[in-house]
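Undergrad: One structure follows; several queries about it will come next.
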C-alpha cells in the first residue's frame, strides 16, 4: 500500500515512529472512508441517515459492476444526474437498445455499442456463432 511506503520513507525522520506512523495511517484510512461515503451519498442521492458502512458496500458493488460490464463511471454518473433532473434521454436510449439488441442501428451512441475492439481477432462461441 502506498501509505505504508510513505510511512517507511518518513520513519527515519520521526521519533516514536511506529506509533506515529500507524496512528497517521489509521487516521487517514478513517478520514478517507468517511469522505468517500459522503461523495457516494451525494452521487447516489442517498439519505443522511444511511450508514457509512452500507454506502461503502454499495459503492464497492456498484464500481465492481461497472467494471465487469465495461461501463464508464463518468458516463454512468452523468446519466444518473440527468435522470435526477428529469432528463431520461440516456436511459431511454439504453432501454431501446436492450429492447432490440440485435438490430443494427446508426442512431445508437458509441458508448452503448458492444463488440470486440477494432482489429481484434474474431471470436467464435461453442455453438458456432
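Undergrad: I'd like the residue in the stretch 95-129 that is part of a helix (DSSP H, G or I) and at pLDDT 70 or above and, out of all such residues, is farthest from residue 39 (Cα to Cα).
TA: Out of the qualifying residues, it is 99.
Undergrad: Do we have any residue at all in the stretch 17-25 that's loosely packed, with under 10 Cβ neighbours inside 10 Å and at pLDDT 80 or above?
TA: The answer is no; no qualifying residue exists.
Undergrad: Still on this structure, I have one more. Quick one: count up the residues across the stretch 50-94 that are assigned to a helix (DSSP H, G or I) and within 15 Å of residue 40 (Cβ to Cβ).
TA: Of all residues in the stretch 50-94, those assigned to a helix (DSSP H, G or I) come to 52-69, 73-84, 89-94.
Going one step further and asking which of them are within 15 Å of residue 40 (Cβ to Cβ), we end up with 52-66, 73-74, 76-77, 80-81, 84.
Within the stretch 50-94, residues that are assigned to a helix (DSSP H, G or I) and within 15 Å of residue 40 (Cβ to Cβ) number 22.
Undergrad: Out of all the residues in the stretch 32-48, which are in a helix (DSSP H, G or I) and either touching a helix residue (DSSP H, G or I) at 6+ places or on another chain (Cβ under 8 Å) or under 13 Å from residue 81 (Cα atoms) (or both)?
TA: Passing the criteria: 33, 34, 36, 37, 40, 41, 42, 43, 44.
The values are calculated or read from the model by the stated rules, or taken from the named source; none is laboratory data. Not measured: the values here are computed from a predicted model. Backbone-built Cβ (ideal geometry, glycine too); neighbour counts: all protein chains shown.
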